[in-house]
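S.K.: Could you have a look at this structure, given as structure tokens, before my questions?
The values are calculated or read from the model by the stated rules, or taken from the named source; none is laboratory data. What you see is a predicted model; the values in this text were computed from it and never measured. Using ideal geometry, Cβ is built from the backbone for each residue, glycine included, and neighbour counts are taken over all protein chains shown. Note: areas computed on protein heavy atoms with side chains; ligands, DNA, RNA excluded. Shrake-Rupley method; radii C 1.70, N 1.55, O 1.52, S 1.80 Å.
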Amino acid sequence: MTVRVGIVGTGMIGRDHARRLTGTVAGAEVTAVADVDAGRARAVAAGLPAARALPRGLDVVADAAVDAVLVTSSGPTHEEFVLAAIEAGKPVFCEKPLAPTADACLRVVRAEVARGRRLVQVGFMRRYDDGYRAMKEVVDSGGLGTPLMVHCVHRNVSVPVAGYTSDMAVTDTGVHEIDAVRWLLGDEIAAVEMRAPRRSGRAPEHLRDPQIILLETREGVHVDVEVYVNCGYGYDIRCEVVGESGTADLAGTAPVTVRAGGHRTAPVPAHWTDRFARAYDAEVREWVDSAARGAAAGPSAWDGYAATAVAAACLEARDGGRRVAVTLAERPALYA
Ligand code: NAD
Ligand code: ISE
């Protein structure tokens, strides 16, 4: 069966996933796209073999030639399209964050629970990265002993001066590490704090950059996450789990290290599109396979809710200058 996919939002990652669904992942074709920038949607549709540009995102969800929906519009708009897909009984892949507020995420969780089956997959692609997967295997095997600490780094070369805010460093960027840590440890975040070092001269005046997120899990693991989104030199993602008797950290991504002229060098990826290319392919492949069965797998709406609830607590901690406890709603049996 070929899964006919409709895409809402044809910006950077929407186009990347459209290309992936057309040339890389088998068993899918893009049949409809929409964007508030109608010209952009038309241009993307023109470059795809079977896609039509429709006026609105909700038209894509309702379209009879769409079996499953991929939501890649900006975060605050996700809820409307994901709720409509659940209502239509169509599997939906939603890029992170599921929604920018915990309340909005909970509305999605409740709609899915009312529907009685999983239809939502959230785009936390680190769970599909070979390095993170190998790290999780080591943690789960018990080879490190009981986990004690996790150290994470999330650095972007730069972010757009307009449109990217200090809050997004947590809700859009650090949210990847919040999810990765929950998944790696199989533990929930119980409390958070934040620190803001001096502002980098590379960052625009309105942006607090870098920022440091501190997480404590229910089991007592302490986690530090450095988010620095204007580091200038590359897309640098690091993660180290420290256990009682050993550590595991992500290996570098370069296929080769060069020793020459008295130096040892290896390239740093330039962008998330390069660093996580294989992980994006794998998550979309799993989504297409599960959509062909009319269901969803992978990171769930509950994971999207939990990550956003932690991110919201981080903002409260940062703005109030205090430690904030994270309170999650009761986890529905659907996500057991
Ligand atoms: P972008 O700004 O390049 O693209 C967003 C697109 O959505 C734009 O074309 C915009 O016009 C369109 N849009 C906005 N509101 C809309 C609406 N109501 N209906 C239809 N279209 C609408 O942004 P992006 O970088 O492609 O990010 C999109 C989403 O993907 C965000 O949620 C972002 O956090 C997420 N993202 C995830 C990753 C990842 O690593 N998983 C990477 C990049 C972006
Ligand atoms: C972007 O939305 C992503 O999800 C990227 O993976 C992340 O590195 C970047 O900071 C976000 O803005």
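S.K.: By DSSP, what percent of the beta bridges with both residues in the chain are antiparallel, rounded to the nearest 5?
M.R.: 55 percent
S.K.: Still on this structure, I have one more. Pick out, in residue order, every one of the trypsin sites (Lys or Arg not before Pro) in segment 137-216 that is DSSP loop and has at most 11 other C-beta atoms within 10 Å; say none if there are none.
M.R.: Taking segment 137-216 and a limit of 11 other Cβ atoms within 10 Å, the loop trypsin sites (Lys or Arg not before Pro) found are Arg198.
S.K.: Using a Gaussian network model on the chain with a 10 Å cutoff between Cα atoms, which of Ser200, Ser141, Ser73 fluctuates the most?
M.R.: Largest GNM mean-square fluctuation: Ser141.
S.K.: Please report the carbon-and-sulfur percent of the accessible area for the chain; probe 1.4 Å, protein heavy atoms only, DNA, RNA and ligands left out.
M.R.: Carbon and sulfur atoms account for 51 percent of the accessible area of the chain.
S.K.: On to the next question. So which helices of the chain fit the span-like rule, where a helix is a whole DSSP H run, its Cα atoms reach 27 Å or more along the axis, and its mean Kyte-Doolittle is at least 0.0?
M.R.: Taking the DSSP H segments of the chain (at least 27 Å long, mean hydropathy at least 0.0), we get 301-320.
S.K.: What residue among Ala84, Ala41, Ala114 shows peak mean-square fluctuation when the chain is described by a Gaussian network model with Cα springs under 10 Å?
M.R.: Of Ala84, Ala41, Ala114, the most mobile in the Gaussian network model is Ala114.
S.K.: With every protein chain left in place, what is the accessible area per residue of the chain in square angstrom, probe 1.4 Å?
M.R.: Each residue of the chain exposes 43 Å² on average to a 1.4 Å probe.
S.K.: I'd like the accessible area for Arg133, computed on protein heavy atoms only with a 1.4 Å probe and all protein chains in place. Round to 10 Å², please.
M.R.: Per-residue accessible area (Arg133): approximately 100 Å².
S.K.: Using heavy-atom solvent-accessible surface (probe 1.4 Å) with all chains present, what is the largest-first order of His206, His263, His271, His78?
M.R.: His263, His206, His271, His78
S.K.: A further question follows. Provide the solvent-accessible area of Leu21, counting protein heavy atoms only and rolling a 1.4 Å probe, rounded to the nearest 10 Å².
M.R.: Looks like 0 Å² after rounding.
S.K.: Which value, in Å² and to the nearest 10, is the accessible area of Val256 when all protein chains are kept and the probe is 1.4 Å?
M.R.: Ignoring ligands and nucleic acids, Val256 comes out at about 80 Å².
S.K.: Starting from one equal scatterer on each C-alpha and no solvent at all, send me the Debye-based log10 I(q)/I(0) for the chain at q = 0.06, 0.09 Å⁻¹, two decimals.
M.R.: The calculated log intensity ratios at q = 0.06, 0.09 Å⁻¹ are -0.21, -0.48.
S.K.: Which whole-angstrom value gives the distance between the alpha carbon centres of segment 131-205 and segment 215-281?
M.R.: 11 Å
S.K.: Work out from phi, with θ = phi - 60° and the Karplus expression 6.51 cos²θ - 1.76 cosθ + 1.60, the ³J(HN,Hα) of each residue of segment 213-220, listed in order in whole Hz, and give x for Gly and Pro.
M.R.: My calculation for segment 213-220 gives 9, 10, 10, 10, 8, 4, 7, x Hz in order.
S.K.: Around Ala191, which amide H atoms from residues at least 5 apart in sequence, or from another chain, sit under 5 Å from its own amide H, with H modelled in the peptide plane?
M.R.: Long-range HN contacts for Ala191: Glu216, Val326.
S.K.: Please report the projected area of segment 1-153's Cα convex hull averaged over all directions, in nm².
M.R.: Here the figure is 11.2 nm², rounded to one decimal.
S.K.: What residues qualify as long-range amide H neighbours of Val3, i.e. H under 5 Å apart, gap of 5 or more or another chain, H built at 1.01 Å from N?
M.R.: Here Ala28, Glu29 satisfy the definition.
S.K.: If segment 115-233 were replaced by its equivalent ellipsoid, with semi-axes equal to the square roots of 5 times the Cα gyration tensor eigenvalues, what would those be, largest first, whole Å?
M.R.: Working from the Cα gyration tensor, I get semi-axes of 27, 18, 14 Å.
S.K.: Something else: Over the chain, with a Gaussian network built from C-alpha contacts below 10 Å, which listed residue (Ala301, Ala85, Ala104) shows the highest mean-square fluctuation?
M.R.: Residue with maximal mean-square fluctuation among Ala301, Ala85, Ala104: Ala104.
S.K.: While we're looking at this one, here's another question. Dipole size in debye (nearest 20) for segment 1-119 around its Cα centre, Lys and Arg Cβ +1, Asp and Glu Cβ -1? Walk me through the numbers on the way to the answer.
M.R.: Values: 15 positive and 13 negative charges, 45 e Å.
So the dipole magnitude of segment 1-119 works out to roughly 220 debye.
S.K.: Let me ask another. Counting each pair of different Cα atoms once, what's the Kirkwood radius of segment 178-248 in Å, rounded to one decimal?
M.R.: Averaging 1/r across every pair of different Cα atoms and inverting gives 13.8 Å.
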